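To start, the structure itself, in structure tokens.
The values are calculated or read from the model by the stated rules, or taken from the named source; none is laboratory data. Just so it is clear, the structure is predicted and the values come from calculations on it, not from any experiment. Positions of Cβ are generated from backbone atoms using ideal geometry, with glycine treated the same way; all protein chains shown enter the neighbour counts. Accessible surface is based on the protein model in full, side chains and every heavy atom, while ligands, DNA and RNA are left aside. Shrake-Rupley method; radii C 1.70, N 1.55, O 1.52, S 1.80 Å.
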Number of protein chains: 2
Amino acid sequence: MKHVGLMLGGPEDLWPDQLVSDIDAPITDWVGVDRGSLRLLQQDVVPVMAIGDYDSMVPAERHRVEHAVKDMRYSVPEKDDTDSELALQAAFEDLRADEVSIFGATGGRLDHLLVNLWLMAEPRFKEYAPHVAIVDRQNLIRFFRPPAQLVFPRTEYKYVGFVNLTPVTDFTIRNAKYPLAPFASDYPVSWASNEFLGDQPIQITFSKGIIGAIYSKD
Amino acid sequence: MKHVGLMLGGPEDLWPDQLVSDIDAPITDWVGVDRGSLRLLQQDVVPVMAIGDYDSMVPAERHRVEHAVKDMRYSVPEKDDTDSELALQAAFEDLRADEVSIFGATGGRLDHLLVNLWLMAEPRFKEYAPHVAIVDRQNLIRFFRPPAQLVFPRTEYKYVGFVNLTPVTDFTIRNAKYPLAPFASDYPVSWASNEFLGDQPIQITFSKGIIGAIYSKD
């Protein structure tokens with residue numbers, strides 16, 4: 001299985017203790033996004049690809065990345081696609097990833113965080129959504145498509161919140177501490193702080209849209 | 001002018017250097033939400049009201065809050081409204097706030113962050129949206145309603161990103177480093193890292209929905 005790790009430029013103190021994710025397979029290939037490439041090299045991890053405009057790096061840092069990474073890609077800030085969009089697309093289309101885990105996506109600037117969170121709401125990435133995880137020190141986000149899904153508990157996380165990234169219809173939550181009766185909304189809602197009933201999976205159903213499940217701990 | 005500060009439970013290291021906001025008036029009344037009440041007391045600020053279930057506090061902490069705060073309100077976790085929703089409503093309806101600035105809304109658990117960000121997308125809070133700011137160490141968020149608004153530069157922040165909290169139609173950005181031609185979307189988008197042209201305000205227009213402007217700095 002090809003499991004690609006994307007390292008974005010978010011602050012290092014929010015990385016999880018180990019750069020692993022809930023996808024039960026080691027990361028086979030790393031992609032560094034902008035400053036993320038340098039951060040991977042500092043951890044003795046050589047990304048197979050680097051994407052960015054690298055304008056936040058001093059020349060010595062940039063040279064280090066260019067020297068180490070074979071597949072260097074240069075983005076143009078004026079273009080519509082963000083570096084994270086380019087990286088996600090390259091991971092699935094060029095590297096043929098089966099699964100992608102994204103690190104360094106949170107913290108710092110909130111406009112960046114929202115770019116990363118909302119990637120999965122884009123129609124072109126919908127197919128990939130069930131194969132993507134966003135991971136930081138306190139949170140793990142997975143994405144679900146209609147019509148019915150089981151969300152399994154993970155011992156590391158006490159809470160699970162649900163968010164509709166897109167308009168949603170007939171959204172229900174069953175077999176959870178706080179069930180939800182059929183709900184429809186054009187606007188986004190964060191049903192925070194739900195909990196699993198022991199080892200049982202939570203059942204969610206919805207007829208359209210993308211739902212994110214945010215596992216978290218205090 | 002009544003300018004209410006809401007202190008939520010988010011990590012203290014993300015608070016801005018000073019507990020002030022861009023609203024050009026000092027905060028006249030503080031409301032503490034859950035652990036936020038204790039944090040205010042630790043800064044020698046006595047909130048006029050405290051809201052929460054206080055279950056993250058040890059008894060001594062809880063007593064300290066109950067001793068200091070006259071208007072104690074106890075929320076029920078099973079209820080639909082979150083503590084931040086209750087606090088925002090109380091600020092405008094009970095305290096008759098003209099403006100509300102929210103601190104401690106970011107960092108830590110992402111389901112909590114999204115609850116706070118999406119408050120302004122709720123139909124019941126739409127009227128209040130232009131009178132609310134969310135502030136942390138690197139970000140300041142303001143909210144805008146249709147049809148046309150001027151977004152003014154702030155010297156402290158280099159970037160401004162725009163996000164549609166709700167489906168949006170005919171959204172345009174003019175007089176900015178990266179203009180946007182009329183855009184419609186059912187799903188959320190974060191147009192990150194835009195910049196002002198000198199001292200000039202950015203002009204945004206849109207025919208429905210709520211747009212958030214995220215001022216930020218690296």
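Within the accessible surface of chain A, defined with a 1.4 Å probe on protein heavy atoms only, the carbon and sulfur portion equals 50 percent.
In the context of the full set of protein chains, residues of chain B present 43 Å² of accessible surface per residue (probe radius 1.4 Å, heavy atoms only). Placing a pseudo-label 7 Å from each Cα along the Cα-to-Cβ vector at B:Phe183 and A:Phe183 gives an inter-label distance of 2.7 nm. Shape summary of chain A, radius of gyration then Dmax from alpha carbon positions: 17.7, 56 Å.
Whole-Hz Karplus values for the stretch B:90-100 come out as 5, 4, 7, 8, 8, 8, 6, 5, 8, 9, 10 Hz, taken residue by residue from phi with 6.51 cos²θ - 1.76 cosθ + 1.60 and θ = phi - 60°; glycine and proline positions read x. Of the residues A:Asp199, A:Asp186, ranked by 1.4 Å probe accessible area with the largest first, the sequence reads A:Asp199, A:Asp186. Shielding of peptide B:117-129 by partners, expressed as the average count of other chain Cβ atoms within 10 Å per residue Cβ, is 2. For B:Glu195 and B:Ala60, the difference between the fully extended length at 0.36 nm per residue and the C-alpha to C-alpha distance is 43.8 nm. Relative to the other identical copies, B:Pro123 shows label-point distances of 2.6 nm, where the label point lies 7 Å from Cα along the Cβ direction and values run shortest first. Summed over both chains, the contact between B and A buries some 3100 Å² of accessible surface at a probe radius of 1.4 Å. With a Cα cut-off of under 27 Å and a minimum spacing of 8 residues unless on different chains, the lysine pairs in chain A number 9. Neighbours of B:Pro188, meaning other residues whose beta-carbon lies under 13 angstrom from its beta-carbon, give a summed charge of -4 when Lys and Arg score +1 and Asp and Glu score -1. Send over the Kirkwood Rh of the protein assembly as shown, from the inverse of the averaged 1/r over different Cα pairs, rounded to one decimal Å. Computed over Cα pairs of the protein assembly as shown, the Kirkwood hydrodynamic radius comes out at 22.5 Å.
Here A:Lys79 yields copy-to-copy label distances, from shortest upward, of 5.1 nm, the label point defined as 7 Å from Cα along Cα to C-beta. Across the identical copies, the 7 Å label point of B:Lys177, projected outward along Cα→Cβ, sits 4.3 nm from its counterparts, in ascending order.
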